[in-house]
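Everything below concerns the one structure shown next.
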Amino acid sequence: MSYTYEYTYPKNKEAAGYSGPVPILIDTNNYVPGLVEVNDHRNLIRASLQRILGTSKGERVMQPEFGNNLKRMLFEPLDEIMIEDLRSEIYNIISKQEPRITVRDVYFDIDYDNHTIIIMISFYYKRSGIEDSFNFYIRD
């Protein structure tokens with residue numbers, strides 16, 4: 001017999017999921033692996049954005065559509081057309097793969113000397129309406 005989620009785990013309105021696996025302390029200096037750490041929804045969404053932007057399409061087993069084409073796009077000349085293509089790619093992948101937020105804008109800080117691009121994403125959480133931002137660094 002299977003039980004629904006609400007009957008198998010206690011309800012905690014402040015929690016949004018687990019960030020584990022984290023160790024469970026059995027006694028002094030004795031741990032076993034487990035999923036126990038409840039995390040705030042903002043931290044979970046930030047971790048999700050990190051995974052989405054850090055994963056290339058086809059890289060994840062059994063999920064060929066997860067991820068993005070950013071790394072492949074970055075080997076092209078970074079002109080205004082490519083910047084708009086990058087912005088569009090980021091909007092599309094986040095709206096498709098992270099439905100808990102809505103992206104407001106995507107900015108880029110390009111450091112040609114150090115071969116670094118900082119992607120700055122401003123968004124709001126659909127659940128609470130709170131605005132937030134996230135920075136993602138790409139270095140070659």
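The values are calculated or read from the model by the stated rules, or taken from the named source; none is laboratory data. Keep in mind that this is a model prediction, so the values were computed, not measured. Protein only, heavy atoms only, side chains kept; ligands, DNA and RNA dropped before computing areas. Shrake-Rupley method; radii C 1.70, N 1.55, O 1.52, S 1.80 Å.
Miscellaneous remarks
- Fraction of accessible area attributable to carbon and sulfur, the stretch 48-107 (%, probe 1.4 Å): 54
- Probe 1.4 Å - accessible area at Asp111, Å² to nearest ten: 60
- When nucleic acids and ligands are ignored and a 1.4 Å probe is applied, Ser128 ends up with an accessible area of around 60 Å².
- Rolling a 1.4 Å probe across all protein chains gives Thr55 an accessible area of roughly 20 Å².
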